[in-house]
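The values are calculated or read from the model by the stated rules, or taken from the named source; none is laboratory data. Note that the structure is predicted; figures quoted are calculated from it, not measured. Reconstructed Cβ throughout: ideal geometry from the backbone, glycine too, with neighbour counts over all protein chains shown. Ligands, DNA and RNA are stripped out before the accessible areas are found, and what is left, the full protein with its side chains, is counted by its heavy atoms. Shrake-Rupley method; radii C 1.70, N 1.55, O 1.52, S 1.80 Å.
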Amino acid sequence: MKAAQVTMETGAHAAALAVKSARVDVVPGYPITPQTSIMEAVAEMVENGELHARFIPVEGEHSAMAAAVAASAAGARVFTATSANGLLYMHEVLHMASGGRLPVVMCNVNRGIFAPWTLWADHQDSMAQRDTGWIQYHCSSNQEVFNTILQAFRVAEQINIPVMVNFDGFTISHCLMPLTVPPQEEIDRFLPPHEPEWRLDPAHPSSFSNVTNAPEYAPFRQMLSDDIMAAIPLVKQAAQEYKDITGMWDGDTIDTYRLEDAEVVAFAVNSMAAELRLSVDILREQGIKAGLLRPRLYLPFPAEDIINALPQNAQVMVLDRNYNFGHPGGILAAELKSVLFGRRNDITVKNRVMGIGGIDLTRRFMADEIRAMMDD
Amino acid sequence: MKAVTKAYRPISWPMKGAGGDTGTWRTHRPVVDIQKCTKCQICWIYCPEAVIDREESIVDYRYCKGCGVCAAECPTGAISMVKEE
Amino acid sequence: MTTSIKQLPDIEQVLSGNGACGGCPATMGLRVVGKALGSNAIMLLTPSCAVASMGMTPKLGYNWPCINICFASAGSSASGITHAVEIMQEKGRLQGELPTVFTWTGDGGTYDIGFQALSAAAERNDNIIHFCYNNEAYSNTGVQRSGATPRGCFTTTTPTGKRQPKKNLALLMLEHNIPYVATANVAYPGDLYDKVVKAKNTPGTKYIEILAPCYLGWQFDMSETVQMSRAAVRCGAWLLWEAENGKINFNNPSARIISGKKAAEPVDEYLMNQGRFNRLLKGPDATQRIAEIQGDIDREIAFMRERAKITV
């Protein structure tokens, strides 16, 4: 058996390498900063024959997702990627992917939303797609981006729900980190070929998504609502089996650090959560019993795992890199409060919004914020 | 490694009468005078509903919507539109 | 030689008892398309009458695998499917002859909201046939103006008549340097059939636009669908042509009009037989209005005559 390769890669290139490892068939792509590097890398892999796939250089993100869902309905394994306003432009078609139960996997490289223009990371773009019926992961390292894309394909194809793999623009997409690419035979064992039980097939004509009366429409929506919740055990199973095969582990639905005896728990997603491990160490050095709970899976929201993981009487400091407009604070805090209500009345939830439009979130800054929040 | 939950996709299957028994929409029925029919097949090709037999000019009244295109296009006047009772 | 009616194949891809209106020109045209394409094809639809006609879940009135997609994306979704089936065949996951991937969209999904994606698919020359069945309005939503609505025409959003001429989308598609473009008309089924067969046998992006007079939107009796289609050609309001690798050829009866062998009929009778025009032609400005519409038709005939001479 061949050994795993370890190289220095950007997050964007890690994503492209995962697309190659997943033996994706069709990749419609459209450039947008900071996602562009993924599409460039995939296009190059297709051109030079490294990846046997079709790259479709579409004219916009709406078309990227429209080509993706159609290719998926034809039976192909499909990937695309986008950021910020590109994701918003896809919004209509995101619903088609989920409502149509098409297992598309997409990377969203998080970036703040226009207006005014910003190029840098926050999480308003993906969290604004909360109600589109997609499964959403948030990754905190380049390795996790690679690992998660492979797990995403497996979960998506098991449950026929599309998956969005989110990671921060520049902080992850453009920074070099060591990347382990497992041997292809290990990946093939983890992710077998895509064999959809239904596709557009002239030998067995059937139609996809005709107009539907309410008595038929409502059950489709209920089934999507039920099935997206049923993704949680599949996400855990995928993470465990990926670990069994490759030895790599990023957490399953949640990832924790020094949580067991924590009195103060930092709660955040994406790259800031990686930095928060260092903030936790700083706080511990200062005598504060700090810990970290990072939802790796944002949707479906891993309510039970969070409820079970939080130590007794903890203060949870939710650091939101987004706004929950019309409510004070951010979206993650609202989500967390809604699952704790009536279940964990011992927990105090505090919330600050930070890092908007790419403001740098250093370990010291976040440690200071958390300490200040103790007095909020 | 198959879906653990039911994959509930909005799928439809080909069938005649997907719009119901559309013959009930009709106010007038096409009646073919076989004596005048030259079997030119013009009524067959212009029928939007594919309800006219190309060889025998027989109409499937279960689905014929009674649009009257066949009567309007028949070059020998072999088809007349008769009011439904 | 144009294929005669008696030579057309038996195969029926449009099933009886679908949800289309009586006298529907779209299903009339689609039947002929089905005879040319056969069953080995994948159909894409955007919101339009054809979607209302195809039956409601779980019933389907067409005998193809069909996918209803977003209004703006016929071109890109068709690209997705054609690339998917091609790569799956290359990888050995699909056997046999590749299916024809075709879109079946109205003028809204072609001229207006669908144009960007269609233009891009054509520029990539992806292997698809885009069909536009053109009823010159958003008929499915109750007849609103589109980019295909001609000047002087009543729609519910142009209650005093549209003030601008329609655009020549078939010509715009030709300027994408795609290998095959054609216009057709439900009154000429043999001509339509031959054009679809050519498109099917040509790799790359093909565009076929079919005039589809809608009795509801155009306001005439539903038995007159074919007569109105024929009248549109005879007065030159609709020109039948095809372009293989950029070279335009006109088909009869339009060829006779273009060559001058037969004058186009004055547009008056065509207009007066349709409620969408004649309701606005009752006042003292009727002569002026008719002259404007006639002017648009004359200009288009003259322009296409000259355009066809460019063969480089």
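Treating only the Cβ of Lys, Arg, Asp and Glu as charged (+1, +1, -1, -1), what charge dipole size does chain C show about its Cα centre? Round to the nearest 20 debye.
The calculation lands at about 240 debye.
Solvent-accessible area lost on pairing A with C (1.4 Å probe, both sides summed) amounts to about 3300 Å².
Listed peptides C:5-11, A:45-51 appear in the order A:45-51, C:5-11 once ranked by packing, highest mean of other Cβ atoms within 10 Å at the front. Within the straight-line cut-off of under 22 Å between alpha carbons, the lysines reachable from A:K236 are B:K2, B:K6, sequence neighbours fewer than 8 places apart in one chain being disregarded.
Annotation for C:R307 and A:L176: the two label points, set 7 Å from Cα along the Cα-Cβ direction, are 5.5 nm apart.
With r defined as the distance between the Cβ atoms of A:A4 and C:R93 and R0 fixed at 35 Å, what FRET efficiency is calculated, to the nearest 0.05? The calculated FRET efficiency here is 0.80. Note on the protein assembly as shown: with neighbouring protein chains present and a 1.4 Å probe, carbon and sulfur make up 53 percent of its accessible heavy-atom surface.
Computed with a 1.4 angstrom probe on protein heavy atoms, the C-B interface buries about 2900 square angstrom of accessible area in total.
For peptide A:50-59, the mean count of partner chain Cβ atoms within 10 Å of a residue's Cβ comes to 5.
Here's the list of lysines a cross-link from A:K289 could span, going by alpha-carbon distance under 21 Å and ignoring same-chain residues fewer than 8 apart: A:K350. Projecting the Cα atoms of C:G96, C:I42, C:S254 onto the charge dipole of chain C, computed from C-beta unit charges around the Cα centre, puts C:S254 farthest toward the positive end. Here the protein assembly as shown is treated with +1 on each Lys and Arg Cβ and -1 on each Asp and Glu Cβ, and its dipole about the Cα centre works out to around 1820 debye.
Largest mean-square fluctuation among B:A71, B:A50, B:A18, in a Gaussian network model of chain B whose springs join Cα atoms under 10 Å apart, belongs to B:A18. Could you point to the residue in A:W198, A:A303, A:N345 farthest towards the positive end of chain A's charge dipole, with +1 and -1 charges on the Cβ of Lys/Arg and Asp/Glu respectively? Final value for the positive-end residue is A:N345. Extending 7 Å from the Cα toward the beta-carbon at both A:N48 and C:K167 defines two label points whose distance is 4.1 nm. Calculated on C-alpha atoms, the gyration radius of region B:32-83 divided by its Kirkwood radius gives an Rg/Rh of 0.90. Where the alpha-carbon atoms of region A:192-246 are placed on the principal axes, they occupy 45, 30, 9 Å, in descending order. Cross-link pairs exceeding 24 Å in C-alpha to C-alpha distance, out of C:K6/C:K200; C:K162/C:K195; C:K166/C:K206; C:K167/C:K195; C:K162/C:K309; B:K16/B:K65, comprise C:K162/C:K195; C:K162/C:K309. In this structure chain B gives 50 Å² per residue of accessible area when probed at 1.4 Å with all protein chains present. In this assembly, the B-A interface accounts for approximately 1900 Å² of buried accessible surface in total, computed with a 1.4 Å probe and without ligands, DNA or RNA. Counted by Cβ distance under 15 Å from A:A84, the other residues give a net charge of -2, where Lys and Arg count +1 and Asp and Glu count -1. The Stokes-Einstein estimate for region A:148-260, based on a Kirkwood radius over Cα pairs and taken at 25 °C with 0.890 mPa s viscosity, is a diffusion coefficient of 142 µm²/s. Within region A:1-103, the trypsin sites (Lys or Arg not before Pro) that combine a DSSP coil assignment with at most 15 other C-beta atoms in a 10 angstrom radius are A:K2.
The residues of chain C expose, per residue, 35 Å² of accessible area to a 1.4 Å probe.
Quick one: if you take sqrt(5λ) for each eigenvalue of the C-alpha gyration tensor of region A:254-373, what semi-axes come out, biggest first, whole angstrom?
For region A:254-373, the ellipsoid semi-axes come out as 19, 18, 13 Å.
What's the local net charge at C:G38, with K and R +1, D and E -1, over the other residues with C-beta under 14 Å away? Residues close to C:G38 contribute a combined charge of 0. Counting, for every residue in A:160-172, the Cβ atoms of other protein chains within 10 Å of its Cβ and taking the mean gives 1.
Beta bridges per DSSP, both residues in chain C: antiparallel share near 30 percent. Of the Cα atoms belonging to the protein assembly as shown, the radius of gyration and Dmax stand at 30.1, 105 Å.
Can you give the local net charge around A:N322? Use residues other than it whose beta-carbon is closer than 14 angstrom to its beta-carbon, Lys and Arg +1, Asp and Glu -1. Once positives and negatives cancel, what remains is -1.
The convex hull of the Cα atoms of chain A, projected and averaged over all directions, covers 19.7 nm². Treating only the Cα positions of region A:223-292 as identical point scatterers, give the base-10 log of I(q)/I(0) from the Debye formula at each q in 0.12, 0.13, 0.14 Å⁻¹. The Debye formula, applied to the Cα set alone, gives -0.45, -0.52, -0.58.
For C:S4 and C:A255, FRET efficiency with R0 = 30 Å and r from the beta-carbon atoms, rounded to 0.05? Computed FRET efficiency for C:A255 and C:S4 comes out at 0.95. Listed by chain and number, the aspartates and glutamates whose alpha-carbon sits under 13 Å from that of B:K36, ignoring those within fewer than 8 places in the same chain, are B:E56.
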